[in-house]
1. DSSP loop trypsin sites (Lys or Arg not before Pro) in segment A:111-217 with at most 11 other Cβ atoms within 10 Å of their Cβ, which ones?
2. To the nearest 10 degrees, how steep is helix B:46-55 against the longest Cα principal axis of chain B, on a 0 to 90 scale?
3. Take the alpha carbon atoms of segment B:1-44, find their center, do the same for segment A:322-338, and report the distance between the two centers in whole angstrom.
4. Sum -39500 (n - 2.57) across every DSSP H segment of at least 4 residues in chain A, then divide by the residue count to get the 222 nm mean residue ellipticity, nearest 500.
5. For chain A, build the charge dipole from Cβ charges (+1 Lys, Arg; -1 Asp, Glu) around the Cα centre, then report which of A:Pro171, A:Pro320, A:Leu76 sits farthest towards its positive end.
6. Net charge within 12 Å of A:Val333 by Cβ-Cβ distance, Lys/Arg positive one each and Asp/Glu negative one each, not counting A:Val333 itself?
7. Kindly express, to the nearest 10 degrees and within the range 0 to 90, the angle between helix A:122-135's C-alpha long axis and the longest C-alpha principal axis of chain A.
8. Against the longest alpha carbon principal axis of chain A, how many degrees, from 0 to 90 and to the nearest 10, is the axis of helix A:293-307 turned?
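Nothing in this text is a laboratory measurement; each read-out follows from the coordinates by a stated rule. Predicted model only: the values in this text are computed from it and were never measured. Note that we place each Cβ from the backbone using ideal geometry, even for glycine, and neighbour counts take in every protein chain shown.
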Amino acid sequence: MSVLVEEGPRLLAHLDEGPQLVHHRRRHPAPADMTLDRLAAAAEAADLRGRGGAGFPFATKLRTAARRRAVVVVNLSEGEPASHKDEALGQLRPHLVLDGAVLAAMALGTRQVHLVLPGETPAVGERIGAALAERGSSDRVSWQVHTAAAGFVSGQARAVIELMSGRPNLPVTAWVPEAVSGYRGRPTLLSNAETFAQLASIWAHGPDPATMLITRAGDTDRPRVLEVVLGGRWDAVLSPAELARPVLLGGYHGVWVPAGALANRRIAGEDLAGLGATLGAGVVLPLPEGSCPVHETVRIVDYLAGQSAGRCGPCRLGLPALARALDDIDRGVGSGALVDDLAATVRGRGACAHPDGTARLVVSLRRWFGDELALHQRQECGHGVLAAAG
Amino acid sequence: MASSRLRVDWPSCEGRGLCHELLPELISLDRWGFPVIAGEVPEELLPAARRTVAGCPRLALRLV
């Protein structure tokens, strides 16, 4: 596998036992006797929130989708290039993800379950295919498998529904939530693979301890996926040296937090709110030693500009302009006011959140690294450790 | 009555700018000519907003 996966307390427990159904069933009973009220109550008691990045309460989504001809969609396609947790789940815990989907289908009274596989990692598709063959027809659901295109925006909810509908795998405008009207106008419960795995785990073993999958990069040659207990300390994820440098939380659509800011905070959404950050899809990118947050942001925004689907004018034109304005700052000739103006101009002005996520990253750079940007104006660099801890 | 808001279907919009001509009170244009919507539609501008929605040559504007 292209990632290192560590043993965890729930989803990633007993990794030595292998991903096959026979092992899985020893610890997780087959889904049965599920109703909407039971599943919604279990999700509510655990405060289960979507793990694709937006963090929407799962029980609310489930109840909204609970109407005639509902459809369940499991999104295994991680657009965020730094995230590998769903790839890890798909390969090591496929049956936990599938159990969660079956539970949701039973609760909604539907047999229609769609699985959207990542185009970049065919190994996930192979493992899911093998897992479906093991299950045979025992689930009484109709599994339909799709493979998403490579690229940042192809895993976005509306892009996934477009793919399922036989149209190009690109975002379109959502006038109402997918749970109200999604695939072919039907109520569509579309959630990230980890959300379904968490649901199955909560159903089998109760809500405690609440955990989250994290992908982190930078300390080994491959990204690491680990399962952390929510409310725990960040030193379970980052070394003391990494905590003393800036960290990019949430991936390429995430935000910078300043050096030292995580040392006295817990792994919890409410602890991050003051920093303007969220746990998102659990991507944690510590700034490598000797790197510079300005330079890193230039590189990422340049990449994100290239990942625009090019359908929405403000994103197609605004992200390259933003990348150029940031590059000028990195080289000591730019204007912070222009960067702020461009970030504000692209925000909220696309079919998907790609421009918003890019703007959020840039705004966090401006918020925490004003001193660093001033240094760059003098052709110097402080590697982002000048900013005071928040 | 619930407040109304103009929303742009961004993949359809090509920045023709007619919406700004029809409803300059609420719609300005960014540096590339794409619409920038200012807040909710007040009651007295609702008829003009409906005409603007109907007038978009790309049918890229909706009152929601």
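1. A:Arg140
2. Helix B:46-55 and the main axis of chain B meet at about 30 degrees.
3. The distance from the Cα centre of segment B:1-44 to that of segment A:322-338 comes to 29 Å.
4. -12000 deg cm²/dmol
5. My answer, from the dipole projection, is A:Pro171.
6. Around A:Val333, the charge tally is 0.
7. Taking the Cα atoms of chain A, the angle to A:122-135 is about 20 degrees.
8. The answer is roughly 50 degrees.
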